[in-house]
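**Q** One structure follows; several queries about it will come next.
The values are calculated or read from the model by the stated rules, or taken from the named source; none is laboratory data. Just so it is clear, the model here is predicted, and its values are computed rather than measured. Note that each Cβ is placed from the backbone with ideal geometry, even for glycine, and that neighbours are counted across all protein chains shown. Note: areas computed on protein heavy atoms with side chains; ligands, DNA, RNA excluded. Shrake-Rupley method; radii C 1.70, N 1.55, O 1.52, S 1.80 Å.
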Amino acid sequence: MRLNNTASTFQLTGFLGMEKAHHWIFILLLVVYISILLGNSTLLFLIKNVHNLHEPMYYFLAMLAATDLGVTLTTMPTVLGVLWLNHREIGHGACFSQAYFIHTLSVVESGVLLAMAYDRFIAICNPLRYTSILTNIQVMKIGVGVLTRAGLSIMPIVVRLHWFPYCRSHVLSHAFCLHQDIIKLACANITFNRLYPVVAVFAMVLLDFLIIFFYYILILKTVMGIASGEERVKALNTCVSHICCILVFYVTVVGLTFIHGFGKHVPHVVHITMSYIHFLFPPFMNPVIYSIKTKQIQSGVLHLFSLSHSKA
């Protein structure tokens, strides 16, 4: 039987016990958000406009940057609203939509990292067929496939959120909406919504990681077969940026999962902080990693700055 005492809004939460520091936390997060927006927008601009970045590797990087921008733009409005304006109310529809995009984009990021591993595998293990295998059409198909897989996999649990009555406190644990946070407030049978993310979504992300790991075993095997030491180093250098991005993403995923699963006695602020690290650290670090390790992007950034300086 459906209950009638369901409020139309949820209450978002900032950093409990640290309300006096909210404005300072706001300034810190605003700087991080602006850095993420500038870094990933710059990557997209360079990949679109610099001719020697028109390669499959950089198209996948553009997908990663777009995904990181999506995560940031999805979480930023409510987080900054809570911390600066103390605007805590969010309607059910807006909350469910935010949760859908947050979780979908997390799965997209995992899929894009897998696509980038496939790109490095083809480039190193089958270089003569690289351009014929990873054509623009093929890259586009992979991108659409990654997006479709993520969107469809998250949809079943988010759609069900609209059916549940919410008759408890209506206070969420974060300044943004997460599925696992919302279902704690539902007064209904939430067995499917508890099990599905573990079985389907987590298994999908884990499978992505295992396939990436398998690709890198094959890459390492191929590289070790190269006679020239200089060529071995050169081949491995093309993978360093991607490996760093993988570590940044999956270490934060494991950290967040570990805290939620085994950190019942850990202070609440640690849970909140880990959530922010998970959603902000990869988008912040990915442009930094590629800017440091990729000469073409370095030269593009320098060219961009020289143009802006000459115009000034």
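**Q** For region 180-285, which fully contained helices (runs of 4 or more DSSP H) count at least 3 residues that are open to solvent by less than 70 Å² (accessible area, probe 1.4 Å)?
**A** Numbers: elements: 191-196, 203-224, 229-262.
Of the helices (runs of 4 or more DSSP H) lying wholly inside region 180-285, those with at least 3 residues that are open to solvent by less than 70 Å² (accessible area, probe 1.4 Å) span 203-224, 229-262.
**Q** If you don't mind, another one. Return only the number of the condition from (1) modelled with pLDDT under 95; (2) out of contact with any Pro (no Cβ under 6 Å at 6 or more places or on another chain); (3) polar (S, T, N, Q) that T6 does not satisfy.
**A** The single condition T6 does not satisfy is (2).
**Q** Shifting gears a bit: Given the criterion more than 17 Å from the chain's Cα centre (by Cα) and open to solvent by less than 50 Å² (accessible area, probe 1.4 Å), identify the matching residue among I137, I124, I154, I102. Before the answer, list the steps.
**A** Details: I137 fails: open to solvent by less than 50 Å² (accessible area, probe 1.4 Å); I154 fails: more than 17 Å from the chain's Cα centre (by Cα); I102 fails: more than 17 Å from the chain's Cα centre (by Cα).
Only one candidate passes the filter, namely I124.
**Q** Another one. All but one of (1) open to solvent by 30 Å² or more (accessible area, probe 1.4 Å); (2) modelled with pLDDT of 95 or more; (3) not in a helix (DSSP H, G or I) hold for H87; state the number of the condition that does not hold.
**A** (2)
**Q** Report, ordered by the first and then the second residue, all pairs with beta carbons closer than 6 Å, sequence separation of six or more or different chains, a first member in region 54-76 that is small (G, A, S), and a second member that is open to solvent by 20 Å² or more (accessible area, probe 1.4 Å) and assigned to a helix (DSSP H, G or I).
**A** Pairs that qualify, where the first residue is small (G, A, S) and the partner is open to solvent by 20 Å² or more (accessible area, probe 1.4 Å) and assigned to a helix (DSSP H, G or I), are A62/L44; A65/L44; G70/L105.
This table checks each residue for (1) aliphatic (A, V, I, L, M); (2) over 22 Å from the mean Cα position of the chain (by Cα); (3) within 24 Å of T294 (Cα to Cα); (4) at pLDDT 95 or above.
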{"residue": "I217", "(1), (2), (3), (4)": "yes, yes, yes, yes"}
{"residue": "M224", "(1), (2), (3), (4)": "yes, yes, yes, no"}
{"residue": "E231", "(1), (2), (3), (4)": "no, yes, yes, no"}
{"residue": "K234", "(1), (2), (3), (4)": "no, yes, yes, no"}
{"residue": "S241", "(1), (2), (3), (4)": "no, no, yes, no"}
{"residue": "L256", "(1), (2), (3), (4)": "yes, no, no, no"}
{"residue": "F262", "(1), (2), (3), (4)": "no, yes, no, no"}
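**Q** Here's something else I'd like to know. Identify the single condition in (1) assigned to a helix (DSSP H, G or I); (2) open to solvent by less than 50 Å² (accessible area, probe 1.4 Å) that C177 does not satisfy, given that it satisfies every other one.
**A** Unmet condition: (1).
**Q** What tally of residues in region 67-84 results from selecting those that are crowded, with 20+ Cβ neighbours inside 10 Å, out of contact with any Asp or Glu (no Cβ under 7 Å at 6 or more places or on another chain) and either β-branched (V, I, T) or within 24 Å of V139 (Cβ to Cβ) (or both)?
**A** Residues that pass the stated criteria total 8.
**Q** Which of the following residues is in contact (Cβ under 8 Å) with a residue 40 or more places away in the chain, in a helix (DSSP H, G or I) and closer than 25 Å to L280 by Cα: V139, V158?
**A** On the way: V139 fails: closer than 25 Å to L280 by Cα.
V158 is the lone residue from the list that is in contact (Cβ under 8 Å) with a residue 40 or more places away in the chain, in a helix (DSSP H, G or I) and closer than 25 Å to L280 by Cα.
**Q** If you don't mind, another one. Only one residue in T75, T67 is under 17 Å from A175 (Cβ atoms) and part of a helix (DSSP H, G or I), so which one is that?
**A** Details: T67 fails: under 17 Å from A175 (Cβ atoms).
Result of the check over T75, T67: T75.
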